[in-house]
Ligand SMILES: Cc1ncc(COP(=O)(O)O)c(C=O)c1O
């Protein structure tokens, strides 16, 4: 099955085979070496030249675990979080801080709009209690790329900590983490890194990690300094998903061999092809071109074609697409192009899509 949903993604045979490596006790040196290797490769891939300024914390859990760990670990007593929300995943961060009553009113935007840096500057001046600003890099809800650099500049100039959810961004979109002074970036193995779901990570500036050691512990399992202390002895405080880690390590080797910039270009090319063909078929994108990511395109459903029909007919032919979320559930569909997909896979999908479109148009 070809997966055109934004994770879990299709992986290469090489990554799949890595699952079959020998059973391993997580307290043995071989496991420590495996985990240490993953941490180093994450830094090499996403913080080239600034590896020594950051640390990579590994978690067993999906992307949400990494985002929640970053959010809950980063707020001192009496301080608050300001969330920039323009989609389901921004909304999720708002809910996380809401559970702990750590929020100031979020800056909420329409799902087609990007946050305005000047509006953020004003809000930060009005809310001196804000310690952390949180934003999603690539808002998977619509495939929208947020202006991370412009927002990072404001956060930095106001001496706040910037937390970025790049769960669906890292590996698919450029992100200058060190140059933009991002304090925490959450990511996952199972999307553009092309591993399996089940492990995620947070890239944390070391100086900030040291400061977090004195912050309140709001979660027993997801407290980042706890992991950091274990990292020092090359371990993990809890049982890691060892087999998923084997595959994660292999996926990072593949990423480094391909090169992050080349992977981004491969994804960009695939999304451009999808968009061009859809345009020829008269299917309209939900976002303007300059807001779109390299890895997801959200399209308006063609007139009279229900999502479920489109999904099911494509699945019969071997392709899985993705529904809209929330208020967009019945009006759009999403096509992701993350993962080990070849140009033939993309062409096959486009041919299958055309077939469904023609069949449903004839019947209408
Ligand atoms: C931007 C973003 N953040 C967080 C998540 C949550 O990740 P997971 O479903 O792996 O918990 C997703 C999932 O698609 C996402 O796209």
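Every number in this text was worked out from the coordinates using simple rules, so none of it is lab data. Since the structure is predicted, the reported quantities are computational estimates derived from the model, not experimental observations. Every residue, glycine as well, gets a Cβ built from its backbone with ideal geometry; the counts of neighbours run over all protein chains shown.
Some observations on this one:
- Beta bridges from DSSP with both residues in the stretch 134-288: antiparallel share about 50 percent, rounded to the nearest 5.
- Using alpha-carbon coordinates, inclination of helix 148-157 to the longest axis of the chain, degrees: 20
- As a ratio to 2.2 N^0.38 Å, the alpha-carbon radius of gyration computed for the stretch 12-258 takes the value 0.97.
- Applying 0.36 nm per residue to the separation of residue 40 and residue 156 and subtracting their alpha-carbon distance, the gain on full extension is 39.1 nm.
- Beta bridges by DSSP in the stretch 41-151, antiparallel share as percent, to the nearest 5: 20
- Helix axis angle, 88-99 relative to the chain longest principal axis, alpha carbon, degrees: 30
- Where labels lie 7 Å past Cα in the beta-carbon direction, separation of residue 330 and residue 100 in nm: 3.8
- Rounded FRET efficiency, nearest 0.05, which uses the C-beta distance separating residue 206 from residue 32 and R0 of 25 Å: 0.80
- Extension gain, residue 262 to residue 181: 0.36 nm times the residue separation minus the Cα-Cα distance gives 26.7 nm.
- Classified by the C-alpha gyration tensor, the stretch 187-346 has a prolate form. Its axis ratio a/c, with a ≥ b ≥ c, is 1.5 or above, and a/b is larger than b/c.
- Among 268, 41, 213, sorting on how many other beta-carbon atoms sit within 10 Å of each Cβ, with the fewest leading, yields 213, 268, 41.
- Full-extension gain in nm, residue 272 to residue 127, via 0.36 nm per residue minus C-alpha separation: 48.1 nm
- Rounded to 5, percent antiparallel among DSSP beta bridges of the chain: 55
- Cα centroids of the stretch 38-114 and the stretch 298-364: 31 Å apart.
- Nearest 10 degrees, 0 to 90: helix 29-46 Cα axis against the chain principal axis: 70
- Sorted ascending by nearby beta carbons within 10 Å, beginning with the fewest, 25, 31, 192, 298 become 25, 31, 298, 192.
- Cβ-based exposure ranking for 183, 246, in which fewest neighbours within 10 Å come first: 246, 183
- Whether the stretch 93-236 is rounded, prolate or oblate, judged on the alpha carbon gyration tensor where a/c under 1.5 counts as rounded: oblate
- The chain, helix-only ellipticity at 222 nm - DSSP H runs n ≥ 4, -39,500 (n - 2.57), divided by all residues, nearest 500: -13000 deg cm²/dmol
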